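The values are calculated or read from the model by the stated rules, or taken from the named source; none is laboratory data. Remember, it's a predicted structure, so these values are computed and weren't measured experimentally. As a convention, Cβ positions derive from the backbone with ideal geometry for all residues, glycine included, and neighbour counts pool all protein chains shown. Protein only, heavy atoms only, side chains kept; ligands, DNA and RNA dropped before computing areas. Shrake-Rupley method; radii C 1.70, N 1.55, O 1.52, S 1.80 Å.
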Amino acid sequence: MEDPKFWVAVSFVVFAFLAWRPLSRFIASALDKRADIIKHDLTEALRLREEAQNLLATFQRRQRDAMIEAEDIVTRAKSEADLMLHEAEKNLEEMLNKRIEIAMAKINQAETQAVQEIKSQAVDAAMNSAQNLIASQLGKSTSQELFQRSLKDIQKKLH
């Protein structure tokens, strides 16, 4: 027992035994702190993950809503364009019908005017012929008097 190796080994075992308790407490405490930090980090990571998933779901919902709204806008724009086209066609048709009516009225007016001019010319020609015929067969004063009476009768009948 006088061997120094033996006493070094015994002192090492005693030292290790005496140092083990405080060292094991220190190591356990350090490991517990590390475990708490890891646990906190995991909890925080899970919370952040849930928050990210909620944000993703919110953005996806907003995107779907925006797409639906865009489709609604396009649909409304198409229906408004169709309505405007239909209204424009209707207005064009009404305008064309009014122009046709105006043209027909002008044609009828021109036709009536032409008929009146022809009647007037026919009356003038008939009066001239009658005047010439009467003048050739009657005396000048008698023919003038008959002509004036006939002219008044014709004017009354025309108007």
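Show which lysines lie in cross-link reach of Lys90 when reach means a straight Cα distance below 19 angstrom and same-chain residues fewer than eight apart are skipped.
Lys78, Lys98
Using 7 Å Cα-to-Cβ label points, what is the Glu145/Ile38 separation (nm, one decimal)?
It is 15.0 nm.
Using a 1.4 Å probe, what is the accessible area per residue for the stretch 63-119, in Å²?
Using a 1.4 Å probe on heavy atoms only, each residue of the stretch 63-119 averages 95 Å².
Could you give the size of the charge dipole of the chain about its Cα centre, using +1 on the Cβ of each K and R and -1 on the Cβ of each D and E, expressed in debye and rounded to the nearest 20?
420
Cross-link partners among lysines for Lys119, C-alpha distance below 29 Å, same-chain residues fewer than 8 apart left out?
Partners found: Lys106, Lys140, Lys152, Lys156, Lys157.
Could you check the spin-label model distance between Thr112 and Ala30? Points 7 Å from the Cα along Cα→Cβ, value in nm.
12.0
Between Ile68, Asn128, Ala9, whose Cα lies farthest towards the positive end of the dipole of the chain when Lys and Arg beta carbons carry +1 and Asp and Glu beta carbons carry -1, centred on the Cα centre?
Towards the positive end, the residue furthest out is Asn128.
I want to verify a result. In a Gaussian network model of the chain, Cα cutoff 10 Å, which of these has the top mean-square fluctuation: Gln116, Gln63, Gln144?
Of the options given, Gln144 has the highest mean-square fluctuation.
Angle, helix 4-137 long axis vs. longest principal axis of the chain, Cα atoms, 0 to 90°, nearest 10?
0
When the chain is fully extended, how far beyond the present Cα-Cα distance does Ala126 get from Val13, taking 0.36 nm per residue of separation?
Length gained, Ala126 through Val13: 24.4 nm.
How much length, in nm to one decimal, is gained on full extension between Lys98 and Arg21, taken as 0.36 nm per residue of separation minus their Cα-Cα distance?
Taking 0.36 nm per residue and subtracting the Cα distance, the gain is 16.5 nm.
Whenever you get a sec, compute what percent of the accessible area on the chain sits on carbon and sulfur atoms (1.4 Å probe).
With neighbouring chains kept in place, the figure for the chain is 62 percent.
What is the angle, in °, between the Cα long axis of helix 140-158 and the longest principal axis of the Cα atoms in the chain? Nearest 10 is fine, range 0 to 90.
With rounding to tens, the tilt is 30 degrees.
Give me the aspartates and glutamates in straight-line cross-link reach of Lys5: C-alpha distance below 13 Å, same-chain residues under 8 apart excluded.
Candidates past the 8-residue exclusion: nothing left.
Could you check the simple spin-label distance between Glu89 and Arg47, using points 7 Å along Cα→Cβ, in nm with one decimal?
6.5
Pick from Thr43, Thr142, Thr112 the residue whose mean-square fluctuation is largest in a GNM of the chain, springs joining Cα atoms under 10 Å.
Thr142
Just checking my list [x] 25; [y] 77; [z] 28 against percent of Cα pairs over 26 Å apart computed from this structure; which label fits?
[y]
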